[in-house]
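See below for the structure under consideration.
The values are calculated or read from the model by the stated rules, or taken from the named source; none is laboratory data. Source: prediction; values computed, not measured. Ideal geometry is used to build each Cβ from the backbone, glycine not excepted, and the neighbour counts take in all protein chains shown. To get the accessible areas, we keep the full protein, side chains included, count just its heavy atoms, and leave off ligands, DNA and RNA. Shrake-Rupley method; radii C 1.70, N 1.55, O 1.52, S 1.80 Å.
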Amino acid sequence: MNKKIIVWLVATFSLATISLAEAQLTKVTLGNNAISGNGLPAWMAKETGIFRKNGLDVQIVYFRGGTITAMALVARETPISQVSGPPIVSAVLKGADAVVIAGGNVVSEYWLMSRPEIKTAEQLKGGSIAIANFGGQADFISRIALQRLGLTAGKDVTILQVGTVPERLSALEKGRVQAAMLNPPDNVVAQKRGFYGLMNVRLPYQGVGVSTTRTIIRENPDIVRRYIRSQIEAVHRIKTDRETGLKVLAKYLASTDREILEMTYDDIRSDEKLSPKQYPTLEGIKNILDPLAQTDAKAKAAKPEDFVDMRFIKELDDSGFIDNLYKGAKR
């Protein structure tokens, strides 16, 4: 009888401890539009318990495109978002207090994939390109790709807001568009379906990183601090635990294609794209501002530093936390 009582007391105490721990977690809604390898840091932090270890109960809410994700952030529907740089830059130029606080992916690579019969810029002239949404990363990069091809967006080629990668591929297959902007490894998927790689654009660029607002930083600095710590730890886990990373990627991309999963994982985990220290890229923000500056006086006067807040990354860096994570780590 005494043993039963002891077992019951231990079980009750354990449940109470778990309930207390659950109650102490801070709930955070994370806005996200990255259904690609760029979403891996948040997925990894959630699936491996990194968020919970840092006292956060993070619920990921998906939005259709970076522009809507940024709008939800500015409207305070989400306190933190995983979103690309262009819509954040655009929001700030319009007076919003959004700010990039962790770099995430700091190199952008898109392929302009065309229908099999289109292999030159001249053949694309008069056609259309599918992107996710206006003001998003694919929109910005598509204009750079057209410029490099000697074509002008809106004059020589129409840019169409089509949506997700499956929707863009479907539009390409059905001939509704003549080309589509695709990230690796989706460009490989397109190549396997017979489409042609017309132009590759790779450059320093503030891609999908972590953003919040200056209001949230002022009102809830500890939540932001814990999120950034989780981001740093998740990036470390990505770089040092390949098998777990592949499993997490497979779950969120709903894919069983090992070749595509490995290509996606190896691409995103590189230090060039996903820096261990996670500082936002000022050069990458400049590359967003430069084309805007041609027609927008505010963009012309703006500095890349106006769009970032690096204090939380710098705290962890200066304390030696990040360097200590990687000491002796096999990568």
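Side notes on the structure shown:
- The set of residues in segment 149-162 being of a type in the set (A, V, I, L, M) and open to solvent by less than 60 Å² (accessible area, probe 1.4 Å) consists of Leu149, Leu151, Ala153, Val157, Ile159, Val162.
- Segment 123-178, subset at pLDDT below 95 and touching a Gly at 6+ places or on another chain (Cβ under 7 Å), residue nearest to Ser90 (Cα to Cα): Gly136
- Output for segment 318-331, where each listed residue is at negative phi, open to solvent by 40 Å² or more (accessible area, probe 1.4 Å) and not acidic (Asp, Glu): Ser319, Asn324, Leu325, Lys327, Lys330, Arg331
- All of (1) free of Cβ contacts under 8 Å to residues at least 24 places away in the same chain; (2) over 18 Å from the mean Cα position of the chain (by Cα); (3) open to solvent by less than 40 Å² (accessible area, probe 1.4 Å) hold for Met113 with one exception: (1).
- Of the candidates Glu262, Glu315, Glu272, the single residue that is under 19 Å from the mean Cα position of the chain (by Cα), in contact (Cβ under 8 Å) with a residue 40 or more places away in the chain and surrounded by fewer than 16 Cβ atoms within 10 Å (Cβ to Cβ) is Glu272.
- Conditions (1) over 24 Å from Ala102 (Cα atoms); (2) of a type in the set (D, E, K, R); (3) not in a helix (DSSP H, G or I): number failed by Arg202: (1)
- For segment 133-186, a residue qualifies if it is polar (S, T, N, Q), under 16 Å from Leu203 (Cβ atoms) and in contact (Cβ under 8 Å) with a residue 40 or more places away in the chain, and the qualifying residues are Gln137, Asn183.
- Residues in segment 64-105 that are within 18 Å of the chain's Cα centre (by Cα) and open to solvent by 50 Å² or more (accessible area, probe 1.4 Å) were compared, and the one that is farthest from Glu283 (Cα to Cα) is Arg64.
- Per the conditions (1) open to solvent by 10 Å² or more (accessible area, probe 1.4 Å); (2) within 16 Å of the chain's Cα centre (by Cα); (3) modelled with pLDDT of 95 or more, the sole criterion not satisfied by Tyr227 is (1).
- Enumerated helices (runs of 4 or more DSSP H) restricted to segment 276-327, each holding at least 3 residues that are under 21 Å from Tyr227 (Cβ atoms): 311-318, 321-326
- In segment 129-148 there is at least one residue that is open to solvent by less than 20 Å² (accessible area, probe 1.4 Å) and either hydroxyl-bearing (Ser, Thr, Tyr) or farther than 23 Å from Asn287 by Cα (or both).
- All of Gly126, Gly49 fail the test of being without any contact (Cβ under 8 Å) to a residue 60 or more places away in the chain, within 15 Å of Ser230 (Cα to Cα) and out of contact with any strand residue (DSSP E or B) (no Cβ under 6 Å at 6 or more places or on another chain), apart from Gly49.
- The residues listed here are Pro184, Pro116; of these, the one that is under 24 Å from Lys273 (Cα atoms), in a loop (DSSP other than H, G, I, E, B) and in contact with a strand residue (DSSP E or B) (Cβ under 9 Å, 6 or more places away or on another chain) is Pro184.
- Check on Ile260, in a helix (DSSP H, G or I) and either touching a helix residue (DSSP H, G or I) at 6+ places or on another chain (Cβ under 6 Å) or over 21 Å from Tyr110 (Cα atoms) (or both): no
- Scan of segment 169-184 for residues that are out of contact with any Leu (no Cβ under 7 Å at 6 or more places or on another chain), buried (at least 23 other Cβ atoms within 10 Å of the Cβ) and within 19 Å of Val208 (Cβ to Cβ), ordered by number: Leu182, Asn183
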